[in-house]
1. Restricting attention to the range B:127-184, which residues are under 17 Å from the mean Cα position of the chain (by Cα) and in a loop (DSSP other than H, G, I, E, B)?
2. When the range B:1-36 is examined, which residues are found to be touching a helix residue (DSSP H, G or I) at 6+ places or on another chain (Cβ under 7 Å) and either in contact (Cβ under 8 Å) with a residue 60 or more places away in the chain or exposed (fewer than 12 other Cβ atoms within 10 Å of the Cβ) (or both)?
3. Looking at the range B:245-255, which of the residues that are without any contact (Cβ under 8 Å) to a residue 60 or more places away in the chain and part of a helix (DSSP H, G or I) is surrounded by the most Cβ atoms within 10 Å (Cβ to Cβ)?
4. Considering the range B:127-143 alone, what residues qualify as being under 23 Å from residue A:30 (Cβ atoms) and surrounded by fewer than 17 Cβ atoms within 10 Å (Cβ to Cβ)?
5. Within the range A:99-114, can one find any residue that is crowded, with 17+ Cβ neighbours inside 10 Å, at the interface with chain B (Cβ under 7 Å from one of its Cβ atoms), under 22 Å from the mean Cα position of the chain (by Cα) and at pLDDT 90 or above?
6. Does residue B:87 meet the test of being more than 7 Å from every other protein chain (Cβ to nearest Cβ) and farther than 27 Å from residue A:291 by Cβ?
7. Quick one: in the range A:217-265, which of the residues that are assigned to a loop (DSSP other than H, G, I, E, B) and at the interface with chain B (Cβ under 10 Å from one of its Cβ atoms) is farthest from residue A:92 (Cα to Cα)?
8. Please find, within the range B:191-204, the residue that is nearest to the other protein chains (Cβ to nearest Cβ) out of those that are in a helix (DSSP H, G or I) and surrounded by 15 or more Cβ atoms within 10 Å (Cβ to Cβ).
């Protein structure tokens, strides 16, 4: 036993030790690999497969070529759903993008009540979205609802809100912005606090007015965060489901049918999982493009 | 700290006037926008059934019925649905950590062969939001491959997919990367195995990041609606959010509102207690990623 270990023996022992280390590492990883395999990687592949299949729980699934896509393209609601999701996203960008930015810039200027503003604006984020949707459904009631009551008290025109096909979509966007603007506001606020004060001072020496300072210092200095939140919001709002499902059920006159609501209907109302998969594959491709852009932006910021 | 407005301006009379009037206006707007809806909810839950439906509405309840809240708690069986929610979120949180902590540790410190490939494949899933994979994931849950089980109506239908969270693994791995290898090597030399090194050395050092990951996971689970809606069709298994939506049209309005307020209280209270940490975690998570 005391004999000196020969070189090949040493190498073999080293290899064995490396092997044990790899095995230990994979032991640590195995839970994640199984879970990701079953619930993240496999579903991506399966979504593509399902789009070309007719799903039947009894007889098993069969290949149907492009039938699912023909089916969804022929559905008059297909265009409506994409249009509604796009308009929802557009409104959500105008409101959910502008309002938090203005709020953050204002709060950042105040020397008082900052903690109050921060807590207040983030409080709705803690409410479950279902509660927010049910609550706004009640607030929007044309007769005796809170919103029309406030507008009436301020002598402003009232509206039918979710009960009219022309205002239903914007009503959902307002409720959703109310509930979610806290996150964006606080992220902007954190970004504003990283702007070096010297930039404002030197802009001032150059004779820049407050609006020019906002345009030439504040906005360029926060452009990464602005871009990041823009992409995040597009990805988030294109998937909107809870608000239309709870508040309007897609109505009135299909004015709030969104892409995810249609996916849900295909699968869980009409039991057509092939069509639902085809629809979500299109959504998936759309979202992947924006998510990839988002990841690029956040990565480039780190370096 | 220097901001947009010149400090000297705030010392002039006109500057002060503008500052204070703007502050008052914004305070009023924020209070109207965020306090009044909450006030309307809490008082709405205390109105009698005819009063809550009255037009024009009453700003202050004519008769106070605080008993509505205990009635709603009993009649709507909220205790059971809160229990379901805690079971779903608690289980998903624990399983998530049990899967993500060792995986992040292995990728950061044990660095097995193909570790970077695995991390890359995990990060790719960040480009595909879970909502867009609703249908294939749902069908997978109805008949899990290899195991051949149907998880519909089982809490595992919520626990397992939630554990596949690449963002958490990424954040944890980045944090573990900052811990010097020498510290772990020292433990190794003292005879600690890989698991002991992780459990005794790495995890205690990682409490802040584990807290951030936990807050993000619990909030995301609490806000999720579509997934529990489709995988838990059995009313007795549903979390409180899905349940409230289901009974919304068949319950009297004041009871429903009381239920909604009660369902919102736990997270709002947690937020008010831990708001410093939550807000710090939120901005750290998004800016440093």
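1. Within the range B:127-184, B:129, B:164, B:165 qualify.
2. B:1
3. By that ranking, first place goes to B:245.
4. Matches in the range B:127-143: B:143 only.
5. no
6. The answer is yes for residue B:87.
7. Ranking the candidates gives A:241 first.
8. B:194
The values are calculated or read from the model by the stated rules, or taken from the named source; none is laboratory data. In this text, all values refer to a predicted model and were calculated from it rather than measured experimentally. A quick note on method: Cβ atoms are made from the backbone with ideal geometry, for glycine too, and the neighbour counts reach across all protein chains shown.
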